[in-house]
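Remarks on the structure that follows.
The values are calculated or read from the model by the stated rules, or taken from the named source; none is laboratory data. Just so you know, these numbers come straight off a predicted model, no measurement behind them. So basically every Cβ, Gly included, is an ideal-geometry build from the backbone, and we count neighbours across all protein chains shown.
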């Protein structure tokens with residue numbers, strides 16, 4: 001069970017668990033190690049696992065019609081990642097989920113999650129809480145993209161996620177924020193000139 005303590009501790013921050021519930025949760029999890037640039041989800045295949053990042057960094061992205069990448073989410077330690085539409089509905093994925101660094105993940109598969117919620121209803125509360133937080137974060141990001149300038153979005157990202165600035169490639173940050181890496185370079189150059 002020790003290998004699964006990061007997830008057990010994460011869940012315990014949101015709901016109280018007995019030792020029996022911790023053991024049962026651990027019995028439904030698996031550890032996966034992925035190499036940098038390895039995909040854990042690809043379009044046209046059903047996303048079978050929700051992944052918690054123990055170590056490393058991943059991103060989900062969509063490939064545009066012209067070959068451009070649109071980063072949908074980024075996950076580092078203590079975050080979850082999946083193609084949620086595919087995972088929740090058990091339909092073919094539309095996103096890629098790629099490791100940006102060698103990573104260690106703790107995964108739960110869809111059927112195990114459903115069983116967990118059926119046998120231990122308090123886990124429904126846990127999954128509701130993290131789903132609500134994810135939805136609120138997504139809404140905030142959409143509103144930022146609609147109402148803030150590119151510079152403001154970059155400054156907000158930099159302030160909110162300082163740990164990502166030196167770990168995540170510039171072109172991925174730019175894609176996540178909705179502009180080109182060239183434009184991000186221009187923002188950074190303008191800031192350097194001002195200081």
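Just one of the listed residues (135, 146, 116) is assigned to a helix (DSSP H, G or I), over 16 Å from the mean Cα position of the chain (by Cα) and exposed (fewer than 15 other Cβ atoms within 10 Å of the Cβ), namely 146. Can you say whether residue 58 is buried (at least 19 other Cβ atoms within 10 Å of the Cβ) and over 23 Å from residue 118 (Cα atoms), as far as the supplied structure shows? Yes; evaluated as a whole, the condition is true for this residue.
Only a single item in (1) outside any loop (DSSP other than H, G, I, E, B); (2) within 18 Å of residue 52 (Cβ to Cβ) is not met by residue 140, and it is number (2). In this structure, residue 67 does satisfy being outside the structural domain of residue 175 (by TED's automatic domain parsing), without any contact (Cβ under 8 Å) to a residue 12 or more places away in the chain and on the phi > 0 side of the Ramachandran plot.
I want to confirm something. Restricting to segment 149-158 and keeping residues that are surrounded by fewer than 16 Cβ atoms within 10 Å (Cβ to Cβ) and under 19 Å from the mean Cα position of the chain (by Cα), which single residue is farthest from residue 59 (Cα to Cα)? The qualifying residue farthest from residue 59 (Cα to Cα) is 156. Across segment 159-177, the qualifying residues are those that are closer than 17 Å to residue 144 by Cβ and either in contact (Cβ under 8 Å) with a residue 40 or more places away in the chain or within 17 Å of the chain's Cα centre (by Cα) (or both), and the one among them that is surrounded by the fewest Cβ atoms within 10 Å (Cβ to Cβ) is 160.
The number of residues in segment 119-132 that are in contact (Cβ under 8 Å) with a residue 40 or more places away in the chain, in a helix (DSSP H, G or I) and in contact with a helix residue (DSSP H, G or I) (Cβ under 8 Å, 6 or more places away or on another chain) comes to 4.
The residues of segment 151-174 that are part of a helix (DSSP H, G or I), touching a helix residue (DSSP H, G or I) at 6+ places or on another chain (Cβ under 8 Å) and under 25 Å from residue 97 (Cα atoms), listed by number, are 153, 154, 156, 157, 164, 170, 171, 173, 174. Checked against (1) surrounded by 11 or more Cβ atoms within 10 Å (Cβ to Cβ); (2) part of a helix (DSSP H, G or I), residue 104 passes all but a single condition, namely (2).
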